[in-house]
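Data first, discussion second: the structure below is written as structure tokens.
The values are calculated or read from the model by the stated rules, or taken from the named source; none is laboratory data. Since we're looking at a predicted model, the values are computed, not measured. Counting neighbours? That spans all protein chains shown, and the Cβs are built from the backbone with ideal geometry, glycine included. These area figures cover heavy atoms from the full protein model, side chains too; ligands, DNA and RNA do not enter into them. Shrake-Rupley method; radii C 1.70, N 1.55, O 1.52, S 1.80 Å.
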Amino acid sequence: DLLGAKPDIAVVEVLHTVLDHAPVEAGSTWFEAKRMKLIEQYDQLCTEEVAKLGEKGYGYLLASQVARYRKNIASLGGRLSTLTWKQYMSVIPTVEQLFEKLANFLQDFVPKDLAADFPRTEMRFTGTTAIPHLYRHNVLSRPTDAPEGHEEGSVAYSDRHEYRSRFADDLAINEVMLSALQRFIDVPLETKLPRSDDTALLLLFEKFVKSSGILITTDLAAQMMEVCKFATTFANEAACQRIFQIAFHGAAVPTTPYRSNWKLAEHGVDGRVLGRFLAARNPWGNVQFDINSKGTFANFSSSLEVSNEPAAATEASPATTVTAEGSAEEGGAPKAEAVKKESNRSSVLFTAAAVRERWASVKRAVDNSELLNLKDYAESGEPIDVDAVMEVFTGQACFLRNMFLEERYPPTEELLRAAGQLNTDPDSYGRGASGSRKVTVASRSMTIEACKEIFHNLHGLKRTMDMTINEATNLSATTVADPDEESTLVLVPDLECWESMLLVSKHMLDFLLSRRDQSGNAGRQASDELFKEVAAFRHELLEESRSKYGGRFKILWLQEM
């Protein structure tokens, strides 16, 4: 150190050997100082190895080097730092290695005297990976007592950060797991698993959270929920519910009193988690969207009305399927695993009562979270998380979009043509002003009454969002001490929220045009009145896209023009 020399791993291992054979006369203080210095040097060298070998793509060589550092640090009674593990997760090349190293990271928290008989959950797909049940012996550093002077169920914002830092081990594990989750989201990793889609990998992350028994942070829960949100189908409906329950309770296992103490300092469900949860759920499912007093999701009391009408498939090709190569096959049995099976919604009729029941459940979930009570933020001194608040509205707008379109993301013209479901009828409503044919998402399950109810909910959502934005502006103006100082708190809707409202209103107009001639005089009059309301609402959205919010949504106005 005096000469400014930079030691390598060979030098540090020699010093490690010297420390192991140090005489007792050196004293415990000297020994502890040298031990901590060696751990720091090992960790620094490991970080440099991760940066050097990870950039070159030497994944397996890096894995052996990290194992070497882990072994040396473990013999000194320490473990690699959280920063080193986060950097390592960001360069791992395969799915198998990702979960194996994540399990190794958790294993470092297990004391040596408990390592032999410590309960674990085996992960067979990686051969030797096992998730240690950290909660079984309370091996993580957690406070057993609640902070003094706190009100029941809350901690003052000024004291929350300090109390939260006492859960150091849980916070470290959440940070590393978040890095691992972001790794396989950002980069397509190699894998030998039969299924490597986001849904399957999300279930594995959920298994790590549940088996280890860690207290989950809002950041990790929000990232897991984002995977559910951007999945192309509603296949992960059950996983979405479980993740939300884990976030709501703070952990997957009832680790009392740690879980209750953790919720004093950590928002289990913030705007990001709630908004992405609503956007990820299937609006026409049988499970409610708000958690009841028992901490679970109840089922809806009434089922959807059954219709005797045939399926909403095209008459030209009623038995068309899509193979893995993208070609269409007429009739016959579809090829195994390569065929996209069309979900049969023909026997279900969407009614206004079903829409009201589901939207009421959504409103209860939002109201129970109290995330839109901006006055509570001002009274507690906690700054308003602008993005999180607006994401609650984004989730509700996406929910209504999914409810009306029955699709998470409307299919492209190429996919519809390949599936034989592209509406090519020259008299159909799927035409633009210039006569060019457009992709339409028609469904015989949707009724005009249900469409009207969805529109009223959409219109009410827009009104509530405007009121919240105005309230935030007024609160910010009253809290500014200097009258000449401008307010820094500005709430602006997300682009996805605004685009969802435009998309729903656009398809509603198409839908009402298509059903106009299929109803009697009374039905035609009701359809025309609703058409005028939707058209006026859409015109208002387009004008605000051009003029409001500093031109943030002007690109949407230009697209429509």
Q: Can you work out the PRE-style zone for V11? Point 7 Å along Cα to Cβ, and I want the residues of region 49-84 with backbone N under 19 Å.
A: 49-50, 52, 69, 73
Q) Taking the Cβ-Cβ separation of R356 and K192 as r and a Förster radius of 41 Å, what is the calculated FRET efficiency to the nearest 0.05? A) 0.25
Q) For the peptides 272-281, 85-94, what is the packing order when you average, over each peptide's residues, the other Cβ atoms within 10 Å and list the highest mean first? A) 272-281, 85-94
**Q.** Accessible surface, 1.4 Å probe, highest first, among residues M467, M390
**A.** M467, M390
Q: List every residue whose amide H lies under 5 Å from the amide H of A130, counting only residues 5 or more places away in sequence or on a different chain, with H placed 1.01 Å from N in the peptide plane.
A: M123
Q) Of the listed peptides 35-47, 524-536, what is their order by residue-averaged count of other C-beta atoms within 10 Å, with the highest listed first? A) 35-47, 524-536
**Q.** Set of lysines near K375 by C-alpha distance (under 29 Å), chain-local residues within fewer than 8 positions excluded
**A.** K263, K294, K363, K462, K548
Q) Can you put T473, T29 in order of accessible area, largest first, using a 1.4 Å probe? A) T29, T473
Q.
In Å², and per residue, what accessible area does region 1-141 have when probed at 1.4 Å with the other protein chains present?
A. 55 Å²
Q. Between R463 and E122, what FRET efficiency follows from the Cβ-Cβ distance if R0 is 60 Å, with the result rounded to 0.05?
A. 0.65
Q) Which entries of K56/K229; K34/K71; K506/K532 show an alpha-carbon separation above 23 angstrom in the structure shown? A) K56/K229
Q. So how far apart, in nm, are the two label points at L61 and S75 if each is 7 Å from Cα heading toward Cβ?
A. 2.4 nm
Q. Taking the Cβ-Cβ separation of A146 and Y549 as r and a Förster radius of 25 Å, what is the calculated FRET efficiency to the nearest 0.05?
A. 0.05
Q) Once amide H atoms are built 1.01 Å from N in the peptide plane, which residues 5 or more positions from T351, or in another chain, come under 5 Å H to H? A) E305
Q: Rank by packing, highest mean first: peptides 176-184, 12-20, 110-118, with packing defined as the count of other Cβ atoms within 10 Å averaged across residues.
A: 176-184, 12-20, 110-118
